[in-house]
1. Can you give me the C-alpha center-to-center distance between region 133-180 and region 48-115, rounded to a whole angstrom?
2. As a quick test, which of the pairs LYS21/LYS158; LYS21/LYS143; LYS63/LYS90 have an alpha carbon distance above 19 angstrom in this structure?
3. Looking at SER47, ILE17, SER33, which one has the Cα that reaches farthest to the positive end of the dipole of region 1-59 (charges on Cβ: Lys, Arg +1; Asp, Glu -1)?
4. At a Förster radius of 35 Å, what calculated FRET efficiency corresponds to the Cβ-Cβ distance of GLU181 and HIS155, to the nearest 0.05?
5. Starting from the Cα-Cα distance between LYS65 and LYS169, subtract it from 0.36 nm times their residue separation and give me the gain in nm to one decimal.
6. Given Cβ point charges of +1 (Lys, Arg) and -1 (Asp, Glu) and nothing else, what value in debye, to the nearest 20, does the dipole of region 2-167 about its Cα centre take?
7. Working from the alpha-carbon coordinates of the chain, get Rg over Rh, Rh being the Kirkwood radius.
8. With a cut-off of 8 Å between alpha carbons and a minimum separation of six or more residues, what is the relative contact order of the chain in percent?
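Readers should treat all values here as calculations from the given coordinates under stated rules, not as data from a laboratory. On a predicted model such as this, the values are computed, not experimentally measured, just so you know. Backbone-built Cβ (ideal geometry, glycine too); neighbour counts: all protein chains shown.
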Amino acid sequence: MFETIKNDANAVFVELIETAKLNRGSILVIGCSTSEITGETIGTHSSMDTAKALYDGFYDMLKEKGIYIAVQCCEHLNRALVIERELADKLNLEIVNAVPQPKAGGSSATTAYSLMNDPVLVEHIKADAGIDIGGTLIGMHLKETAVPLRLKNRHIGKAYVASARTRAKFIGGARAVYDEELM
């Protein structure tokens, strides 16, 4: 089962990076229910082993590409985000004091916290793209103009995966000309 989760995660994240056109310095918000990945109801069967298998499928790849992750905690930590202190400093984000645990933050956030060099929690971020594994509702952490992505790979384990990228707003009206690179 864990090998399947790792392979599913790898396939989804490879496709997401390409489809969302993420590059060095991009921010990807990740919301994840390990309960949903194993076929249980969100919030009922948090699993560190499942989270480890998930992160084995994408973490090193994103780090190598220089893509920042912002991992959403569960509602017990008000959906705060685990990020590297470097990113918090770069964006001048206010750090909040909490350390995620499997039943207060979730196994995914707890795993991210353990893998990062210098993890901190923040309450808000405006990410370039997002992935929602198992219905965790990440939209509040995306930039304003979110565009849904229709990935071919739509499941990790038994959890449905929804994803989005963001783009610059269109302004101007009928006579405006737009930069194709920003679409």
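1. 20
2. With Cα atoms farther than 19 Å apart: LYS21/LYS158.
3. Positive-most Cα among the choices belongs to ILE17.
4. Efficiency computed from Cβ-Cβ geometry: 0.65.
5. 34.8 nm
6. Using only the charged Cβ atoms, the result is roughly 460 debye.
7. 0.98
8. This gives 27 percent for the chain.
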